[in-house]
């Protein structure tokens, strides 16, 4: 899924038949990822709709995380699936720019919605009184900020990508950078803003949450007369924290190889694995995050 550069999963290794078989396999996997991501997220949205009368703060974040995953499915996985079949981007210049823009919007939204949800959990566990007094307003502000950041930070895609003639009478949706440093700076910035910075925030919040829960449980264990109600609230909060942690791990596992290869291809294109099955698997792995998230939500909900 070449959302931020001109790299792709296509390969020229081997004979024509082997290449065609590999292309069909890749297209089949992309189609399966799209179906699973779409059905899973729509199913979970339906579950949230049925429980709308008893909506919780966590469900509000999950709703928007589902929407972000659907953006990834429809504007990242589906376009790549069509390109695997047609071998070139088939559409106008406006469609080219729009698709590339929405591809990165989905990446930003997935990352920053997880950040917003984790920060909300951090406030609920580490600063419960502040969270209780200002919780509702903060939640809507953080969700709105996540979408605004996603829409604003993805804007360069509208100017970098365009429909270009890459061969004689052959057009494709292609990126134009100021070489040799343009692509390096842009891919590094995307990696920093979409992956590295959220990872630092998530790591800090999770460490604070885990240490707070540990010391609270240790303190309560030393106290006598703990009520069943307090125990229930603690268990519910602990369950939500576990769900957030699993979502973070799934995002890291699925997206970290993608960003590593993108950085590698930008800073050392001669040695980067930008062709062949390994690169294709790494690109496909990124889209799997949109498939795993709804089942994580359902398991913990």
Index of the failed condition, residue 198 passing every other in (1) surrounded by 19 or more Cβ atoms within 10 Å (Cβ to Cβ); (2) modelled with pLDDT under 90 = (2)
Do we find a residue being at pLDDT 90 or above and in a helix (DSSP H, G or I) anywhere in region 160-179?
-> yes
Residue 94 vs (1) surrounded by fewer than 16 Cβ atoms within 10 Å (Cβ to Cβ); (2) closer than 22 Å to residue 140 by Cα; (3) at pLDDT 90 or above: all pass except (2)
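Conditions (1) at pLDDT below 90; (2) touching a helix residue (DSSP H, G or I) at 6+ places or on another chain (Cβ under 7 Å), marked per residue:
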{"residue": "193", "(1), (2)": "no, yes"}
{"residue": "209", "(1), (2)": "yes, yes"}
{"residue": "218", "(1), (2)": "yes, no"}
{"residue": "221", "(1), (2)": "yes, no"}
Among the candidates 75, 34, 81, 61, residue that is within 16 Å of residue 292 (Cβ to Cβ), modelled with pLDDT of 85 or more and outside any loop (DSSP other than H, G, I, E, B) = 34
For region 223-280, which residues satisfy the criterion of being touching a helix residue (DSSP H, G or I) at 6+ places or on another chain (Cβ under 7 Å), surrounded by 15 or more Cβ atoms within 10 Å (Cβ to Cβ), at pLDDT below 85 and farther than 20 Å from residue 126 by Cβ?
-> 266, 272, 274, 279, 280
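The values are calculated or read from the model by the stated rules, or taken from the named source; none is laboratory data. Quick caveat, the model's predicted, so the values are computed rather than measured. Please note: Cβ atoms are built from the backbone with ideal geometry, for glycine as well, and neighbour counts cover all protein chains shown.
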